[in-house]
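**Student:** For reference, the structure I am asking about is given below.
Nothing in this text is a laboratory measurement; each read-out follows from the coordinates by a stated rule. None of the values given here were measured: they were computed from a predicted structure. Virtual Cβ from ideal backbone geometry, glycine too; neighbours counted across all protein chains shown.
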């Protein structure tokens with residue numbers, strides 16, 4: 001074995017050697033390429049998008065349940081893709097309240113996010129990233145058009161979102177300078193050196209602790225080993241060239257009134273990230289402040305309009321904005337449907353959750369959430385209408401999505417199974 005691999009070839013914790021995945025320096029380039037080729041015809045992904053100011057549900061939910069429903073105004077832009085999505089009404093996160101604060105729990109299902117003592121839990125994308133994130137250059141992408149983030153670590157810490165399409169594009173596709181690459185490698189190597197130091201120090205402690213403390217240390221060592229594995233994987237990706245795309249670096253749009261341009265640009269970056277398999281897990285918080293968006297017929301702030309109090313004039317202006325949101329997400333769906341990967345479309349490979357933590361934004365209600373499930377390997381083309389009080393938790397849909405990704409998961413947060421009525425194919 002090549003002695004130059006030294007500690008990077010094996011993980012050492014408590015005197016136990018643990019083999020790492022094969023690296024290019026261990027002659028794994030061919031094996032890695034073969035593995036990638038084998039997976040290329042069935043690559044599973046997940047995208048979650050939250051509309052922070054809600055969706056006016058009378059314009060979204062059909063009056064009929066089942067498959068023979070009439071398209072509503074908000075679904076009309078997706079007419080050609082009707083068999084690729086499912087509208088879900090009556091669903092919610094149990095015990096998730098607090099109005100806008102419930103956005104924190106959109107992908108975690110953690111209860112009572114509005115309480116001062118609230119402690120969040122891991123989001124579904126990060127749970128998946130722990131298991132499949134190593135397969136791509138970026139384990140996940142956490143994005144926002146304006147503010148906030150949907151992604152949380154296992155300890156409930158919010159992961160900052162990237163809000164700049166220009167920075168995101170550079171991260172995905174632009175090769176850094178030689179100096180920048182060297183700095184990146186030094187950061188990775190420094191992290192590995194710290195892991196060695198920590199292991200050396202804690203190994204001495206294990207000789208003088210009791211059974212309960214040993215169990216705690218075992219959990220700690222597991223975390224250390226997982227972190228060092230990620231560092232090694234980061235080193236391998238850092239040495240591989242980034243994908244090339246036929247697109248110049250975009251310019252960020254500072255004017256928040258330009259809803260169409262800003263949201264379309266972020267969706268384009270998401271499409272490119274999926275198309276190049278740069279990541280398989282993406283979350284996005286959509287736009288939504290109190291700006292007066294640049295759309296004909298709108299002359300009031302978006303947030304003010306979301307609190308319409310059933311005022312028909314406000315609802316009319318709000319509908320113009322939200323219809324544009326739906327039109328733009330329909331554009332993304334269509335681009336993913338048109339792009340092929342093996343014998344499937346990218347839409348077939350990508351399970352998409354589009355919706356909001358607000359069921360009725362005007363009253364800050366967190367029940368009967370507007371949810372659209374699209375893409376992935378599911379039998380769509382229906383309106384799943386659950387009766388009030390009898391709906392399964394939204395986390396059941398997240399379990400379905402985790403299983404779509406190929407994970408052996410039977411529960412997540414309040415979800416104790418897959419979503420009834422949404423069958424996998």
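**Student:** At a Förster radius of 30 Å, what calculated FRET efficiency corresponds to the Cβ-Cβ distance of residue 411 and residue 316, to the nearest 0.05?
**Tutor:** Here the calculated transfer efficiency is 0.10.
**Student:** Convex hull over the Cα atoms of region 311-411, averaged projected area in nm²?
**Tutor:** 8.3
**Student:** With N set to the number of residues, divide the alpha-carbon radius of gyration of region 239-328 by 2.2 N^0.38 Å and report two decimals.
**Tutor:** 1.37
**Student:** Moving on. Beta carbons within 10 angstrom, averaged per residue: use that to sort the peptides 163-169, 44-50, highest first.
**Tutor:** Ranking, from highest mean packing down: 44-50, 163-169.
**Student:** What does the extension gain come out to for residue 158 and residue 130, with contour length at 0.36 nm per residue minus their alpha carbon separation?
**Tutor:** So the chain would gain 8.5 nm between residue 158 and residue 130.
**Student:** How long are the semi-axes of the ellipsoid equivalent to region 47-181, from square roots of 5 times the Cα gyration tensor eigenvalues, in whole Å, largest first?
**Tutor:** After diagonalising the Cα gyration tensor, the semi-axes are 31, 23, 14 Å.
**Student:** OK, next. In nm, to one decimal, how far is the residue 248 label point from the residue 296 one, both placed 7 Å along Cα→Cβ?
**Tutor:** If labels sit at residue 248 and residue 296, their model points lie 2.9 nm apart.
**Student:** I'd like the per residue volume of the convex hull spanned by the Cα atoms of region 290-368, given in cubic angstrom.
**Tutor:** 108
**Student:** Full-extension gain between residue 63 and residue 41, please, as 0.36 nm times their residue separation minus the C-alpha to C-alpha distance.
**Tutor:** 4.1 nm
**Student:** Something else now. So if R0 is 30 Å, what FRET efficiency would residue 118 and residue 379 give, r being the distance between their Cβ atoms, rounded to the nearest 0.05?
**Tutor:** So the FRET efficiency works out to roughly 0.25.
**Student:** Label residue 344 and residue 260 with points 7 Å out from Cα along Cα→Cβ: what is the distance between them in nm?
**Tutor:** Roughly 3.4 nm, to one decimal.
**Student:** For region 38-120, what are Rg and Dmax over the alpha carbons, in angstrom?
**Tutor:** Every Cα atom of region 38-120 included, Rg and Dmax give 16.7, 49 Å.
**Student:** If packing is taken as the average count of other Cβ atoms within 10 Å, what order do 295-301, 146-152, 72-78, 103-109 fall into, highest mean first?
**Tutor:** Taking the mean over residues of other Cβ atoms within 10 Å, the ranking is 103-109, 146-152, 72-78, 295-301.
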